[in-house]
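S.K.: Below is a structure I'd like to ask you about.
None of the figures in this text is laboratory data; all of them are computed from the coordinates on show. In this text the structure is predicted, and so the values were computed from the model without any measurement. Don't worry about glycine lacking a Cβ; one is built from the backbone with ideal geometry, like all the others, and counts go over all protein chains shown.
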Amino acid sequence: MANDFNEVTAETGNFIKCKDCGANLKYLPGTSYLNCEYCGAKNEIESKQQTEIIENDFESFLNERSHLEAKQEIVTVKCTNCAASTTLQPNVTSSTCPYCDTPLVVTNASTSTVIKPSYILPFKVDRKEATQKFISWAGGLWFAPNKLKVYAQQSAEKLNGLYMPYWTYDTTTVSDYTGMRGVHYYVTETYRDSEGKTQTRQVQRTNWYPASGTVHNEFDDVLVVSSKSLPEKLANELEPWDLPELVSYNDKYLSGFITESYQVDLTTGFEKAKERIQPVIRSTVQSDIGGDVQQVKSINSTYNDITFKHILLPVWLSSYRYKDKVYRFLVNARTGEVQGERPYSAIKIVLLVIAVLAAVGTVIFFFQKR
């Protein structure tokens with residue numbers, strides 16, 4: 001591998017021992033069991049036929065119930081390079097950051113108690129399929145360095161399976177608004193064309209009228225990624241998720257994968273949910289104002305019946321360093337959706353510019369010869 005690209009590996013996975021041979025068991029994506037790669041043993045994960053999803057009341061949780069919720073003790077290490085916080089198992093003594101290739105200083109780890117997830121979407125897309133997605137994605141990038149495509153071809157063992165923490169919020173909103181309704185009309189104008197002849201044309205004008213009112217909205221499962229390790233925009237682009245397939249949290253689904261704990265608390269998460277809700281409310285207000293165009297002057301929203309749940313969602317992550325900058329590639333491990341950051345090859349861009357200028361120059365040369 002060329003020095004421009006540095007691979008990332010991680011030793012932060014959760015593991016359960018095989019009862020037959022003592023090797024590490026790994027959850028096999030798309031199945032309901034743990035698999036031993038050495039003796040072939042399969043350990044079934046017990047689960048209910050249908051998971052009952054229970055939403056937690058937001059206000060009562062903050063005021064009364066938070067101390068009653070199931071909690072777990074975790075060990076986290078903050079990367080000195082990208083500031084990502086990685087959750088470690090107690091017996092891990094060395095690791096690298098799954099978001100960049102920086103070694104983690106485990107001696108700087110901290111222990112904390114966090115709210116335990118209630119539900120999880122287990123991995124469905126396996127490493128092989130995720131690798132093919134990465135290769136296809138890298139192969140379709142214009143002006144990408146050739147070394148990136150080489151890296152993609154060799155990336156099978158460099159993808160990290162990662163469970164990302166999320167909050168989901170449900171709420172109903174009541175929004176009072178003020179604004180203006182614009183209604184188009186047309187007038188006929190007379191003008192003279194370039195030859196001095198009299199012509200007519202239809203010109204659009206707009207009458208504006210004051211508007212105000214109240215709109216109601218209902219929101220279900222507004223997703224907020226509660227880790228700061230990935231850019232929020234990149235994580236949001238992995239949507240949609242098949243949330244109706246959530247199952248009750250079980251440690252066995254984590255076996256062989258990295259698990260992140262939340263760094264965005266419940267209250268801050270709801271503020272982020274509001275940001276995701278605002279465009280929908282604004283669109284509803286514009287529809288209620290009506291007319292041909294709208295101006296929204298103010299919106300005052302109240303949020304009622306707020307509920308939430310804490311869940312884990314699966315992604316495949318590959319981090320690669322090119323010319324001292326870290327780029328990340330993600331696969332939604334349920335749907336196969338691909339999102340990523342990419343470098344550009346300055347040489348390829350310069351060569352294209354030169355080729356275009358040469359082509360333009362050739363056309364001009366022959367045109368002048370005519």
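S.K.: Cα centroids of segment 229-296 and segment 158-219: how far apart, whole angstrom?
M.R.: 24 Å
S.K.: Neighbouring Cβ atoms within 10 Å as the yardstick, rank His310, His184 fewest first.
M.R.: His184, His310
S.K.: Here is a follow-up. What number comes out for the charge environment of Leu28, summing +1 per Lys or Arg and -1 per Asp or Glu over other residues with Cβ under 10 Å away?
M.R.: So the environment of Leu28 carries a net charge of 0.
S.K.: Sorted from fewest to most neighbouring beta carbons within 10 Å, what does the list Trp316, Trp241, Trp137 look like?
M.R.: Ordered from fewest to most neighbouring Cβ atoms within 10 Å, Trp316, Trp241, Trp137 come out as Trp137, Trp241, Trp316.
S.K.: For segment 180-264, I need the span (max minus min coordinate) of the C-alpha atoms along each principal axis, in Å, sorted largest to smallest.
M.R.: 82, 38, 25
S.K.: Ser229: net charge of surrounding residues, Cβ under 12 Å, Lys/Arg +1, Asp/Glu -1, itself excluded?
M.R.: Local charge sum for Ser229: +1.
S.K.: What pairs in Lys26/Lys116; Lys17/Lys309; Lys17/Lys228; Lys42/Lys309; Lys17/Lys158; Lys133/Lys274 have C-alpha atoms more than 28 Å from each other?
M.R.: Lys17/Lys309; Lys17/Lys228; Lys42/Lys309; Lys133/Lys274
S.K.: Moving on to the next point. Order these by the 10 Å Cβ neighbour count, fewest first: Ile54, Ile306.
M.R.: Ile54, Ile306
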